[in-house]
Structure formats: C-alpha cells, structure tokens
Amino acid sequence: MMPESRPVSSLLALPGAVALAADGTAVAAGAEASTTVAAHYGDPVAEQRMLAAGRAIVDLSDRGVITVTGPDRLTWLDSLTSQSLAGLAPGRSAETLLLDPNGRLEHSIRIIDDGVTAWLLVEASQSAPLAAWFDRMRFMLRVEVADVTEQWATLGQLVPSGAALLVEPAAPNGVPLAWHDPWTAVQSGGWQYAAEEAHPGAEFPAVELLIERARLTEVVTAVRAGAVGVAGSLALEALRIAAWRPRFGAEVDDRTIPHELDWLRSAVHLSKGCYRGQETVAKVHNLGHPPRRLVMLHLDGSDALLPGHGAPVQLEGSVVGTVTSSARHHELGPIALAVVKRSLDPGAALVVETDGVAVAAAQQVVVPPDAGATAGVPRIPRLGAVPRPQA
C-alpha cells in the first residue's frame, strides 16, 4: 500500500498516463499501483527520445526531500559523508554517500545548497529514516534537519547542449534549486574504474528541479497546453541504465560498497578528511579489490521478456550475480544493470532466468575485475616466514 505521505501526483491525470502495479506491469483497471507517478504516457520509446533531446520532463514527485539549515550545515555534512562539501558554493551540485562503519552503503544523497539551506534529494524510502538519523547526530552543532517531502516535489529532465530548463525551479533564497548530476564526468577527488574512453555517463546530463508541490497543477496545465513535453519514469530508467548510472533504490543492497558500482566517480572524495566508512573506502581502493562488480547486460530480445529486479544471472547453471535494473532502450534494445562476482570472466556467455525462460545476456564491463589495488604495493613476506622447499 502506498504511504499516506506520498500523494498520487496530479500528472497521473494526464491523457495516457499509466502507473505500475506491484509486479512491475502496467496497472489494470481497479488494480492498486505501486507508484504515485506515471511509468509512461502511452509511448515509452517516443518519450525516451523526447527526454534525451531535452524536450520532456519526468515526474519524480514520489521522491524525498530533506532540508538542513544553520551555519554549520556544510561542514557537518562533510564530516559525516563521503564527498567534500565544506566549500560547496551556492547553486553548485554534489553527490555524497552515507556509509556504515564497515564502508557499506546506507544512503546516497544528491545535494544543492542555496547559501541558506542544504537541500538533500533522496529516494522516498530514505527520507524519514535519514532525516531521523541526521537529527540524532546534531549534538551541539548549529544545524536543523527537516523532512519536507510533503511540501516539495522533484521533476527530472535531461539538458543536452543547447537545451533549456522546461520548468522554472523554485528559488526561496534567490538561488534556483536545480541539481545537475555530476555523473557526466569524474569529480575532483574522485576515481573512475570503468576503462571505456568514451564513458556513456557523459551523454546523461540529468537535472532534478525542485518546485513547491502545489505547483504540480501548473505543470499539468503546461503539458496540456503543449508548452512542456512529458515522459514517464520508464524512459528515464532506460537512459540511466545506458549511462551505467547507479541508483540507490535499485543497485544497492545491504552488502554494497561504492567501488562495486564505480560510485567513486561522482560521490567520493579520496583525499578529504575522515568520515564514517573511510577506512574501507581507502583500503579497497589502494590495496584490495571490490568483491563484486557492476556490468551492463545486453539481453536477447527474442522472447520479449525483461528480467525484474533480483533476477539471477547464471553461468552454466550457477548463479554468479543479480539483475538490479532493466529496461527497453530506444536504440540498444533490452538492457540491464547487474552486480556479479568480481572473478566472473568478462567474456563468459551468461543467461538471466526470467519467468522460467533462460534469456541470453552479453556482458559489457563497467567495473573491471582488477578494479582497486591502485597503490601497487608489493606483497612482503611475513617476518620469520620460512620459504617452502622447491619440488
């Protein structure tokens, strides 16, 4: 059942709007939807093309929004999370991760500061527990935390070169609240494991716009008048997967460390001060290897089957990974992101079990098997170790 704090978006009243059922299929008449926003508006492929061209917005009003105010807000967030935030200038966008003491991912946070307030954009499931955790960590610092999801809504858009924002974002303190996804390039202090010279993230200029939730009716009016195009969440997911862009609500489980998803690229600063989980981040990056790695799968579309979240990835009958996201891309066809064992041969022929059918899948490496161990420190024999005699 949908939480009462997540009202059904007014954009679901637009012609052709289709939400998703709990099993991931389109909602049938009288069925209960698992989302409060539209999966598509009748033509997912055309919607992808409009979105990629910068001619459509996506309703992300089912996501959460947290505010942090007070003069210590940025240094405080800097001390708790993985990104360098202390000097974040008004209007600049960043992404940061909250890790547990063992370096496992607990929350991903998209942040924009307007000089007065730090606005944290998160998944709907994160907003209440993350706000409560932050509130417990204030101690004597001059910060205030609030979950403002009921008052604020998020819209998504891609802004390729030459495109403009389709909806004017709110600016309660004089700075437009438009978060620009840093995934388009390796950020200062970050690191990319992907070896592709032309990283597809460069072609994913995503922006998230904050508006007062009451303004969603204005957006509906603009769409009906033809002033603004609209695309469903399936269109954004397809473009995100093609860009190898991890999402907390899909790629992350209770074992995930940032290295496995190449998230050091945009959300980790490797030379900033201490924060929770930093020891694991440094140790794996400098001396070890992540136990799992992200891949993109190109799926056989012969049976028109698309694996769901959690579908097993198999090699010769053995499970070697799990599908985290899947979509039908307007150019690439059926694709998926999956987390697999680090040792899996990149050239191995894989299958994904889907509705009892083995769907063939070809890997495209995102995080290579040799990711990590960047310090190149040679192994030194233990003091007093006795060499084994040669055979």
| How large are Rg and Dmax for the range 129-226 when only the alpha carbon atoms are used, in Å? | 17.7, 51
| the range 146-297 - percent of accessible surface contributed by carbon and sulfur, probe 1.4 Å | 53 percent
| Taking the alpha-carbon centroid of each part, what is the distance from the range 65-89 to the range 216-280 in angstrom? | 19 Å
| query | Pick from Ala94, Ala202, Ala235: which is most flexible by mean-square fluctuation in a GNM of the chain where alpha carbon atoms under 10 Å apart are linked? | reply | Ala202
| request: Measure of size requested: the Rg and Dmax of the range 270-379, with Cα atoms as the atom set and Å as the unit; please supply both. | output: 16.5, 51
| task | Using only alpha carbon positions, build the gyration tensor of the range 35-81, then give the equivalent ellipsoid semi-axes as the square roots of 5 times its eigenvalues, largest first, whole angstrom. | result | 36, 13, 9
| said: Limiting things to C-alpha atoms, what are the Rg and the maximum Cα-Cα separation (Dmax) for the range 299-360, in angstroms? | reply: 11.0, 32
| request: Calculate the dipole size of the chain relative to its Cα centre from +1 charges on Lys and Arg beta carbons and -1 charges on Asp and Glu beta carbons; express the result in debye to the nearest 20. | output: 1140 debye
| request: List the equivalent ellipsoid semi-axes of the range 208-357 in whole Å, largest first, each obtained as the square root of 5λ for an eigenvalue λ of the Cα gyration tensor. | output: 32, 26, 11
| message | For the full complex of protein chains and a 1.4 angstrom probe, list Phe134, Phe248, Phe139 by accessible area with the highest value first. | response | Phe139, Phe248, Phe134
| message | For Ile335, what accessible surface area do you get with a 1.4 Å probe? Give it in Å², rounded to 10. | response | 0 Å²
| task | Note down the relative contact order for the chain as a percent, whole number, built from C-alpha pairs under 8 angstrom at least six residues apart. | result | 17 percent
| request: Specify whether the C-alpha gyration tensor of the range 119-178 places it in the rounded, prolate or oblate class, a ≥ b ≥ c being the square roots of the eigenvalues: rounded for a/c under 1.5, otherwise prolate if a/b is larger than b/c and oblate if not. | output: prolate
| query | Where the centroid of each part is defined by its Cα atoms, how far is the range 344-365 from the range 286-338 in Å? | reply | 7 Å
| Averaged per residue, what accessible surface does the chain expose to a 1.4 Å probe, in Å²? | 45 Å²
| note | One would report the Cα pair-distance distribution of the range 41-136, bin width 5 Å, in %, as 3, 11, 20, 20, 15, 11, 9, 7, 3, 0
| request: Run the 1.4 Å probe and let me know the accessible area of Val186, rounded to the nearest 10 Å². | output: 70 Å²
| remark: Contour minus Cα-Cα span, Ala163 to Gln151, at 0.36 nm per residue, comes to 1.5 nm
| Between the range 130-188 and the range 94-117, the alpha-carbon center distance in angstrom | 11 Å
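The values are calculated or read from the model by the stated rules, or taken from the named source; none is laboratory data. Remember, it's a predicted structure, so these values are computed and weren't measured experimentally. Counting neighbours? That spans all protein chains shown, and the Cβs are built from the backbone with ideal geometry, glycine included. We work out accessible area using only protein heavy atoms, side chains counted, and drop any ligands, DNA or RNA first. Shrake-Rupley method; radii C 1.70, N 1.55, O 1.52, S 1.80 Å.
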